[in-house]
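Structure first, then comments.
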Amino acid sequence: MTQQIIGIVGLGLVGQAVAGRLRAAGQSTLGFDLRPEACEAFTASGGIAARSIRDVGAGAGVVLLAVFETRDVIDVLEGADGLLGPDHQVHTVIDCSTGDPDLLQVLAGRMRARGVELIEAPLSGSSQQIAAGEATLLLGGEADAIASCDALLAAIAQSRIVVGAAGMGARAKLATNLVLGLNRAALAEGMVFAETLGIGPERFLQLVLATPASSAAAEAKGPLMVRAEFTPQSRIRQHFKDVCLMLACANEAGLTLPLSAAHAQLMREAIAHGDGDLDNAAIVLQLRRGKSKD
């Protein structure tokens with residue numbers, strides 16, 4: 001891969017993890033975040049902090065976005081002080097957020113009309129897995145644009161799946177996240193249920209991992225639930241946003257998602273109790289609150 005400056009807007013868990021992967025591959029990273037502490041952490045890790053989003057656009061041809069939702073993506077790209085200012089150098093934007101498929105599909109058309117390719121690249125995996133190169137990129141966009149960024153994308157993740165045109169990356173991420181989130185919630189519910197039967201969390205996890213009840217979610221989040229270790233690798237409030245998107249997409253299609261609706265309510269209550277910025281494994285705390293109410 002030719003050495004270049006890669007821009008990154010959004011220096012949270014995902015943005016920092018992706019930046020680390022790129023620097024390990026020999027790339028320079030120019031980043032911006034609204035939070036000064038995030039920019040300071042980025043600089044301490046070897047990145048260059050820009051003064052504004054516009055400065056990122058002026059300094060990098062390829063820019064990755066790791067922001068919260070599609071409204072933020074649109075604001076970064078098309079806002080008054082956005083990435084594509086009069087002196088911008090951007091030709092490719094790689095959106096690593098999980099967003100609204102329909103809005104992203106339309107946005108990709110607007111970007112292409114301005115000479116900028118938009119590649120959807122949501123990552124399936126925690127920030128820890130991203131940092132280790134163990135996440136999976138779900139890619140949506142024009143085939144030639146994705147092919148032109150193959151070396152850069154390979155530096156981020158060994159596993160990459162092209163799922164179709166713009167909008168399909170978000171659709172694939174929402175569908176797979178539905179299963180992942182319910183696996184986590186089912187594990188937490190089973191753990192709390194097992195406790196009422198006299199089976200401790202550590203013993204219960206051993207049973208799950210030794211039986212067909214096992215899953216990648218149990219392997220990754222089970223030990224965190226057992227140890228009550230909830231420093232975020234991915235946050236409850238982020239997954240709640242994703243589940244709300246799932247429900248909205250399903251509603252538009254005339255489909256009911258009863259399990260996801262129950263999951264959304266569980267996370268809504270967890271956020272109300274102040275758990276929104278904890279790791280997704282902390283959903284077990286809300287289920288324990290339900291136990292105490294009984």
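The values are calculated or read from the model by the stated rules, or taken from the named source; none is laboratory data. Keep in mind the model is a prediction, meaning the values are calculated, not measured. Reconstructed Cβ throughout: ideal geometry from the backbone, glycine too, with neighbour counts over all protein chains shown. Just so you know, the surface numbers come from the protein's heavy atoms only, side chains and all, with ligands and any DNA or RNA stripped out. Shrake-Rupley method; radii C 1.70, N 1.55, O 1.52, S 1.80 Å.
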message: Being among the acidic types (D, E) and more than 30 Å from T231 (Cα to Cα) narrows it down to one residue among E69, E117, E134; which is it?
response: E117
message: Restricting to region 1-26, give me the number of residues that are open to solvent by less than 50 Å² (accessible area, probe 1.4 Å) and more than 22 Å from the chain's Cα centre (by Cα).
response: 1
- request: Read through the list (1) open to solvent by 40 Å² or more (accessible area, probe 1.4 Å); (2) within 20 Å of L123 (Cα to Cα); (3) of a type outside the set (S, T, Y), then give the number of the only condition that E40 fails.
  value: (2)
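For (1) open to solvent by 70 Å² or more (accessible area, probe 1.4 Å); (2) in contact with a strand residue (DSSP E or B) (Cβ under 6 Å, 6 or more places away or on another chain); (3) under 25 Å from L11 (Cα atoms), each residue gets a yes or a no:
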position: P201; (1), (2), (3): no, no, no
position: M225; (1), (2), (3): no, no, no
position: R235; (1), (2), (3): no, no, yes
position: V243; (1), (2), (3): no, no, yes
position: N251; (1), (2), (3): yes, no, no
position: T256; (1), (2), (3): yes, no, no
position: D275; (1), (2), (3): no, no, yes
position: A282; (1), (2), (3): no, no, yes
- prompt: Applying the selection to region 89-143, what residues are over 16 Å from the mean Cα position of the chain (by Cα) and in a loop (DSSP other than H, G, I, E, B)?
  reply: Q89, V90, H91, R114, G115, V116, G141, E142
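Among the residues that make up region 204-223, is at least one of them within 20 Å of E269 (Cβ to Cβ) and open to solvent by less than 30 Å² (accessible area, probe 1.4 Å)?
Going through region 204-223, the residues within 20 Å of E269 (Cβ to Cβ) turn out to be 221.
Keeping just the survivors that are open to solvent by less than 30 Å² (accessible area, probe 1.4 Å) gives 221.
So far as region 204-223 goes, yes, one or more of its residues are within 20 Å of E269 (Cβ to Cβ) and open to solvent by less than 30 Å² (accessible area, probe 1.4 Å).
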message: Just to be sure I understand the filter: pairs with C-beta atoms under 7 Å, separated by 6 or more residues or on different chains, first member in region 123-134 and on the phi > 0 side of the Ramachandran plot, second member open to solvent by 10 Å² or more (accessible area, probe 1.4 Å) and of a type outside the set (F, W, Y). Which pairs pass?
response: G125/E134; G125/T136; G133/R21; G133/Q158
